[in-house]
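**Q** Here it is, the structure, as structure tokens.
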Amino acid sequence: MKRAARIVAAAAALSGVATFAGAQDAAALRARSLVATCAACHGTDGHAMPSAAVPGLSGMPAAYIVEQMKAFRSGARAGTVMPQLAKGYSDAQIEQLAETLAKAGAAKP
Amino acid sequence: MMTTSMKRRDVLLKALGAGAGLAGLSGCVARVDRDSGAVSVVGAMNAIGKPDVARVLVVGGGYGGATAAKYVRLLSQYKIEVVLVEPDAAFVSCPMSNLVLGGGRTIADVTRPYATLEKQHGVRVVRDMISSVDATQRIAVLASGGEIRYDKLILSPGVEMMWTEITNLRAASQQGRVLQAWKAGPETTALRRQIETMPDGGVFAIAIPEAPYRCPPGPYERACIVANYFKAAKPRSKVLILDANEDVTSKGPLFKKVWSESYKGILEYRPQHKATGVDAATGTIKFEIQEDVRAAVLNVLPPMRAGAIAVQTGLANSNARWCNVNWLNFESTAARHIHVIGDSIQIAALMPKSGHMANSHAKVTAAAIVAELSGWDPDPAPMLTNTCYSFVDDKRTVHIASVHAYSEDEKTFKPVPGAGGLSPAPNEQEASYAWSWARSIWADALA
């Protein structure tokens, strides 16, 4: 199994996909689970589909994600679904999302 | 290096009839001899704190099950072994499948392979069904006769039609005379054929059961798509919606506006019409109160309940229809180590039975299982999101969105106040977003 995991990690590294590899603990799992609430539209771990109408979030600067989420939440930034969804997240959750996504590495090429 | 889990994997692979490797099990007949001890190298009770020797069995490869299978692998950093049992050869999406009925899309447009789950994520996909579950021994029996032992079981079996609620419906459905097409696939194509070959001047009648049922806005979207097709191709034809509910159950004002503006004289909506029987020979629907209705194409949806395997396993402990779960990990309140997700569960307040919601259930469940098998507490504050697009014709959509947070006080999910909402009006911009959503969520579940 460890070998399989290494192969997967290596394959992912080659394709430029961040793997969230490395030591995992309960906090990291929770952070990644929070990011997963964005994934249906923005892609698994924030890697959007190449043809997606929405941006990939992985590797975006944390400050930018926080700013945009708060702008959606306040109504300063217009949109269709995002202003409605952003209102469901607290400041702390937005910050955790942003930190986790920023650390997740570069977006898919 | 031969670890215990690798040994067990090899033994199991042999038992499953496969030579080696993670992929290629699809279509194999799984035969695990209970008496040979082949799968008992690791006891099911030993897995806590040792995720790399644990096995999660996922039953059902729809929006819930496919997502759960992928995310258990992903979130466990590929430590936990995952077996997915699914009878169909490919994933066919119910969302977007109404467009096939209008003729603008084919079933291939809403179909994706399971192969990526195997190749990219090492999920073993076994093409079969589960015929029974021994919740005490943690063994699931395959329809083909084999057995699969699990540490955690995730059931995502969708809905089962309650045929006996509508007289003659089961026979009419089996004969292909009165279709449901409420699970996308060959029936969707067959219903399209009925609509396409119906002579102009005919009526397409869709009967909607009392809520809760799978996909609340789905029947109204379907009515719009068929009406839009009639408008272009069969202008003397009509769409008749016969709804057991008191009013439109989802996106009501938006649908009604479209009906009056775009489908006046083509589409008629009749609330409080509870279907009780059909007569396929005469094309008749019978109702609890009102006069019979005759139509050229009948699309009668009976009341629904949790998928058969969930009911049969004794998990449908809410009104004998739906499965109550603990919301922190979606574990059944009726059986330990069995988690139920997707349309089969007894929903929390304002939680739709939708594909996106099943995807959300799957992720919370996967994370909770990974946490438990790692020896950690589950996330005390999980979140669920839902976005659902409905097409009102071939170019415009409307959406509904919501965010649900776990309430520690009430031990359930509640919509976050102030969050969520609807489109202000049907629009073309969101039609492209709807396809973007579909392709993204299919990839999130499968790729």
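Here, each number is a calculation from the coordinates, and none is a lab measurement. What you see is a predicted model, and the numbers here were worked out from it, not measured in a lab. When we count neighbours, we look across all protein chains shown, and the Cβ atoms used for this are built from the backbone with ideal geometry, even at glycine.
**Q** Can you figure out the FRET efficiency of A:Tyr64 with A:Asp25, using R₀ = 30 Å and their beta-carbon distance, to the nearest 0.05?
**A** So the FRET efficiency works out to roughly 0.65.
**Q** I would also like to ask the following. Any idea what % of Cα-Cα pairs in the protein assembly as shown are farther than 32 Å?
**A** Cα-Cα pairs in the protein assembly as shown separated by more than 32 Å: 44 percent.
**Q** Still on this structure, please answer the following. Taking a 30 Å limit on the Cα-Cα distance, which of the listed pairs A:Lys70/B:Lys119; A:Lys87/B:Lys257; A:Lys70/B:Lys50; B:Lys119/B:Lys414; B:Lys264/B:Lys414; B:Lys119/B:Lys363 fall beyond it?
**A** Listed pairs above 30 Å: A:Lys70/B:Lys119; A:Lys70/B:Lys50; B:Lys119/B:Lys414; B:Lys264/B:Lys414.
**Q** Could you pull out the trypsin sites (Lys or Arg not before Pro) across the range B:294-358 that fall in loop regions by DSSP (anything but H, G, I, E, B) with no more than 13 other Cβ atoms inside 10 Å?
**A** Those that pass, being in a loop and sparsely packed, are B:Arg336.
**Q** In degrees from 0 to 90, rounded to the nearest 10, what is the angle of the helix B:355-374 Cα long axis to the longest principal axis of chain B?
**A** Long axis of B:355-374 versus the principal axis of chain B: about 10 degrees.
**Q** At q = 0.13, 0.19 Å⁻¹, what is the log10 ratio I(q)/I(0) for the range B:163-304, with the Debye formula run over Cα points and no solvent?
**A** Debye curve over Cα of the range B:163-304, log10 I(q)/I(0) at q = 0.13, 0.19 Å⁻¹: -0.50, -1.16.
**Q** Right, something else. In terms of the ratio Rg/(2.2 N^0.38 Å) built on C-alpha atoms, what value belongs to the range B:394-435?
**A** Cα-based Rg divided by the globular estimate yields 1.59.
**Q** Using only Cα atoms, find the angle between the long axis of helix B:4-16 and the longest principal axis of chain B, and express it within 0 to 90 degrees, rounded to the nearest 10.
**A** It works out to around 60 degrees.
**Q** Here is a further query. Modelled label-to-label distance, A:Gln93 and B:Thr164, 7 Å Cα→beta-carbon offset: nm?
**A** 4.2
**Q** Which net charge results for the neighbourhood of A:Ala40, defined as the other residues with beta-carbon distances under 12 angstrom from its beta-carbon, given Lys and Arg at +1 and Asp and Glu at -1?
**A** +1
**Q** Additional query: Nearest-5 percent of antiparallel DSSP beta bridges in chain B?
**A** 55
**Q** Can you list which of the GluC sites (Glu not before Pro) found in the range B:236-333 are DSSP loop residues with at most 15 other C-beta atoms within 10 Å?
**A** Here the GluC sites (Glu not before Pro) that fit, given the DSSP loop and packing criteria, are B:Glu246, B:Glu288, B:Glu291.
**Q** Enumerate the lysines that B:Lys286 could reach by cross-link, defined here as Cα to Cα under 16 Å, with residues fewer than 8 away along the same chain left out.
**A** Candidates past the 8-residue exclusion: B:Lys274.
**Q** Simple spin-label model, 7 Å along Cα-to-Cβ: B:Asp377 to B:Arg236 in nm?
**A** About 7.1 nm separates the two model spin labels.
**Q** Let me see the pair-distance distribution of the range B:292-445: every alpha carbon pair, 5 Å bin width, integer percents in order.
**A** 2, 8, 15, 17, 17, 16, 12, 8, 4, 1, 0, 0, 0
**Q** Hand me the GluC sites (Glu not before Pro) from the range B:164-210 located in a DSSP loop with no more than 16 other Cβ atoms within 10 Å, in residue order please.
**A** When the GluC sites (Glu not before Pro) of the range B:164-210 are filtered for loop state and at most 16 Cβ neighbours within 10 Å, B:Glu210 remain.
**Q** Output the Cα-based Rg and Dmax of the range A:23-103 in Å, rounding Rg to one decimal and Dmax to a whole number.
**A** 12.2, 39
**Q** On to the next question. Once the Cβ-Cβ distance between B:Ser260 and B:Gln137 is put in as r, and R0 is 60 Å, what FRET efficiency do you end up with, to the nearest 0.05?
**A** 0.55
**Q** Further question on the same structure: Semi-axes of the equivalent ellipsoid of chain B: what are they in whole Å, largest first, if each equals the square root of 5 times a C-alpha gyration tensor eigenvalue?
**A** 40, 23, 20
**Q** Which angle from 0 to 90°, rounded to the nearest 10, does the C-alpha axis of helix B:218-233 make with the longest principal axis of chain B?
**A** 50
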